[in-house]
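Note sheet for the following structure.
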Ligand SMILES: Nc1ncnc2c1ncn2[C@@H]1O[C@H](COP(=O)(O)OP(=O)(O)OP(=O)(O)O)[C@@H](O)[C@H]1O
Ligand SMILES: [Mg+2]
């Protein structure tokens, strides 16, 4: 079992942000998390990363029992790629520094790096096709280049779980395709992928499970073929929608 959430709730400022979440992720599964703005997706992922703790219920991630574990050890096993992370990166940091900071799951590079870390960081930049940018300041990179740097940062600690939280926003169709190919090969390398998006056409064939969140609760979860279907989605959104599948991708539009 990679993730095991049992009746997990999270309260903040008098609000219930997560409400009795039961969620089990097994090895070999790759999950899509869907939900409207404010549904609780990012809150759930922040908990997965150990940035927040359950107010009620039990959470176990990669055998780390929340409340009985050193959370920094867990964080190094999880790569987190999010659009929101972009604004926290120090603008003058270079892609190589940012990738290296992934070893410590830190924002900014504060720890001492060794020569073999630098070699590994360079190798990752090469794999992502952005070696030529390694000395440039982050602030001078395009959106797509920044996303690739953040993927590199997430890969630096060789994590077991990779979380993508709306990570493809703002990318052109070709950059998106390239990153989708990258995600596909990471899934094949035995990493568990958790992918949050509002754009269902980003649901790649590697994904086999979906979690639909609504108002902090699980609306439905299970195999894509049972969850991403018109009847369930209309109930989920409370609106009429059209769903089509084409080349293994899903397209949902408001009717
Ligand atoms: N620290 C906090 N205190 C109070 N409310 C919060 C806090 N953090 C988040 N929220 C609220 O919790 C709800 C869920 O937020 P969350 O960021 O998890 O949504 P989301 O599903 O990721 O939405 P989006 O698709 O817009 O990113 C929102 O209504 C948000 O305003
Ligand atoms: Mg969010």
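Only the coordinates and a few stated rules stand behind these numbers; no lab work does. Nothing here was measured: the structure is a model prediction, and the numbers come from that model. Methodologically, a virtual Cβ is constructed for each residue, glycine included, from the backbone with ideal geometry; neighbour enumeration extends over all protein chains shown.
Using Cα pairs under 8 angstrom and six or more residues apart, how large is the relative contact order of the chain, in percent?
Result for the chain is 23 percent.
Given springs between every Cα pair under 10 Å in a Gaussian network model of the chain, which of 66, 236, 11 has the largest fluctuation?
The residue that fluctuates most here is 11.
Please give the length that would be gained between residue 184 and residue 7 if that part of the chain were fully extended, namely 0.36 nm times their separation in residues minus their C-alpha to C-alpha distance (nm, one decimal).
Going from the current span to full extension adds 60.6 nm.
P(r) of region 52-126 in 5 Å steps, Cα pairs, percent per bin?
It works out to 3, 13, 20, 21, 16, 13, 8, 4, 1, in whole percents.
Evaluate the Kirkwood expression for the hydrodynamic radius of the chain, namely the inverse of the mean inverse distance over all pairs of different C-alpha atoms, and round to one decimal in Å.
Taking every pair of different Cα atoms in the chain, averaging 1/r and inverting gives 18.9 Å.
For the Cα atoms of the chain, what angle does the longest principal axis make with the long axis of helix 173-188, in degrees from 0 to 90, nearest 10?
With rounding to tens, the tilt is 90 degrees.
Averaging sequence separations of C-alpha pairs under 8 Å and six or more residues apart, then dividing by the length of region 1-150, give the relative contact order as a whole percent.
Answer for region 1-150 is 19 percent.
Given the Cα-Cα distance of residue 126 and residue 246 and 0.36 nm per residue of separation, how much length would full extension add, in nm?
Between residue 126 and residue 246, full extension yields an extra 39.9 nm.
How far apart, in nm, are the 7 Å Cα→Cβ label points at residue 87 and residue 217?
3.1 nm
Kirkwood hydrodynamic radius, region 91-158, all distinct C-alpha pairs: what's the number in Å?
Computed over region 91-158, the radius equals 11.4 Å.
Would you list 10, 138 from fewest to most Cβ contacts within 10 Å?
Lowest to highest Cβ neighbour count: 138, 10.
When N counts the residues of region 149-201, how does its alpha-carbon radius of gyration compare numerically with 2.2 N^0.38 Å, as a ratio?
Compactness ratio reported: 1.09.
Let's test the formula: R0 of 25 Å, r as the Cβ-Cβ distance of residue 139 and residue 177. What FRET efficiency results, to the nearest 0.05?
In this case the efficiency is close to 0.45.
Using 0.36 nm per residue of separation minus the Cα-Cα distance, give me the extension gain between residue 160 and residue 115 in nm, one decimal.
Result for the pair: 13.8 nm of gain on full extension.
Which three lengths, in whole Å and largest first, does region 1-128 cover when its Cα atoms are put on their principal axes?
Largest to smallest, the principal-axis extents are 45, 29, 26 Å.
Can you tell which of 49, 37, 83 shows the greatest fluctuation in a Gaussian network model of the chain with Cα springs below 10 Å?
Top of the fluctuation ranking is 37.
Under a 10 Å cutoff between Cα atoms, tell me which one of 194, 179, 229 has the largest fluctuation in the Gaussian network model of the chain.
229
Could you give the angle, 0 to 90 degrees to the nearest 10, between helix 143-155's Cα long axis and the longest principal axis of the Cα atoms of the chain?
With rounding to tens, the tilt is 90 degrees.
Give the value in nm², to one decimal: projected area of the alpha carbon convex hull of region 23-81, averaged over all directions.
Here the figure is 4.7 nm², rounded to one decimal.
Defining a contact as two alpha carbons under 8 Å apart and six or more residues distant in sequence, what relative contact order in percent does region 91-158 show?
After rounding, I find 50 percent.
Going by Cα centres, region 88-128 and region 180-255 are how many Å apart?
32 Å
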